[in-house]
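The values are calculated or read from the model by the stated rules, or taken from the named source; none is laboratory data. Values in this document were obtained by computation on a predicted structure and should not be read as measured data. Here the Cβ positions follow ideal geometry from the backbone for every residue, glycine too, while neighbour counts run over all protein chains shown. Accessible surface is based on the protein model in full, side chains and every heavy atom, while ligands, DNA and RNA are left aside. Shrake-Rupley method; radii C 1.70, N 1.55, O 1.52, S 1.80 Å.
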Amino acid sequence: MSSLRHSSAFRPVSVVSQALERGPVIAAGLRTGGGLAPCPAAPLLAGSLRRLGLTAGQGLLTYDDECGDHRCLGFTASWVDDRGRPAGLGAAADADHPATLAATAAVVREWSAALRPRRILLLDRPRPVDLLLVLDPAALAPYRDVPAHLVRAAGQVRADWLAEAGTVGLLLHRDTRRRLLTGVIAAIGGLGPTRVESLTANEQGRP
């Protein structure tokens, strides 16, 4: 499993490809002096903001210490694995809308707290894991001693579910959509180095 080191920032940013007038903007990528860091966890942040009643767009964020004419504040975190590969997460909001700004900051901070290396197991039946995500249309049942949640979209996954989960099981059905599976894996992978293993009886569960 790769190591993880990360940093966080609360800084003025420019939103490169999305206007802020319609609400907060989630980083699809963070542009820094070292290049462009992808943000595959963006659907997770979007889901958190949606549960707060905020619809967010996506765009590229770049640090702008001069702040220009943007009046925009960004909240970002980034991590680098032991191979030097960067990734990040972040969002920005208009500084003239303090309630939206506060909600945006809270969402980035809650997901920053979930940054850690993880192991993802693809399952066709429940096994001992820290967290079991039951991917539609697999059936959600009371699994003894395993926290389990039904997931129909990556944005439904919550930060508090993942905060202490080093091993995450994805319970699959033969009709689970590949797009759902790959979307959940990619989003969780945006929170730190991730190793994916298939423990299914066949190869249909592999992304």
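Please work out if Glu197 is surrounded by fewer than 17 Cβ atoms within 10 Å (Cβ to Cβ), modelled with pLDDT under 95 and among the charged types (D, E, K, R).
Answer is no for this residue.
Among the residues of the range 51-83, those identified as modelled with pLDDT of 70 or more, open to solvent by 70 Å² or more (accessible area, probe 1.4 Å) and more than 16 Å from Val13 (Cα to Cα) are Arg51, Leu52, Thr55, Arg83. Among all positions in the range 178-193, there is no residue which is exposed (fewer than 14 other Cβ atoms within 10 Å of the Cβ) and at pLDDT below 95. When we screen Thr76, Thr167, Thr100 for residues that are within 17 Å of the chain's Cα centre (by Cα) and over 16 Å from Leu44 (Cα atoms), the only hit is Thr167.
If the Cβ limit is 7 Å and pairs must be 6+ apart or interchain, which residue in the range 132-147 that is of a type in the set (Ser, Thr, Tyr) pairs with which residue that is open to solvent by less than 40 Å² (accessible area, probe 1.4 Å) and assigned to a strand (DSSP E or B)? Within 7 Å, the pairs are Tyr143/Leu132. Here is a check on your reading of the model: is Leu45 in contact with a strand residue (DSSP E or B) (Cβ under 6 Å, 6 or more places away or on another chain), under 19 Å from Arg195 (Cα atoms) and buried (at least 22 other Cβ atoms within 10 Å of the Cβ)? Against the criterion (in contact with a strand residue (DSSP E or B) (Cβ under 6 Å, 6 or more places away or on another chain), under 19 Å from Arg195 (Cα atoms) and buried (at least 22 other Cβ atoms within 10 Å of the Cβ)), Leu45 does not qualify.
Number of residues in the range 154-172 that are assigned to a loop (DSSP other than H, G, I, E, B) and either among the aromatic types (Phe, Trp, Tyr) or at pLDDT below 95 (or both): the value is 2.
Consider the range 105-133 and keep the residues that are within 30 Å of Gly74 (Cα to Cα), in contact with a Gly (Cβ under 7 Å, 6 or more places away or on another chain) and part of a loop (DSSP other than H, G, I, E, B). The one that is most open to solvent (accessible area, probe 1.4 Å) is Arg116. Taken over the range 84-104, the criterion of being open to solvent by less than 10 Å² (accessible area, probe 1.4 Å) and in a strand (DSSP E or B) is satisfied by Ala87, Gly88, Leu89, Gly90, Ala91, Ala92, Ala93.
Cβ separations smaller than 8 Å between residues 6+ apart or across chains give the following pairs from the range 186-199 residues that are closer than 18 Å to Leu172 by Cα to residues that are among the hydroxyl-bearing types (Ser, Thr, Tyr) and open to solvent by 10 Å² or more (accessible area, probe 1.4 Å): Ile188/Thr194.
Scanning the range 162-177 for residues that are more than 16 Å from Ala138 (Cα to Cα) and open to solvent by 50 Å² or more (accessible area, probe 1.4 Å) returns a single hit, Glu164.
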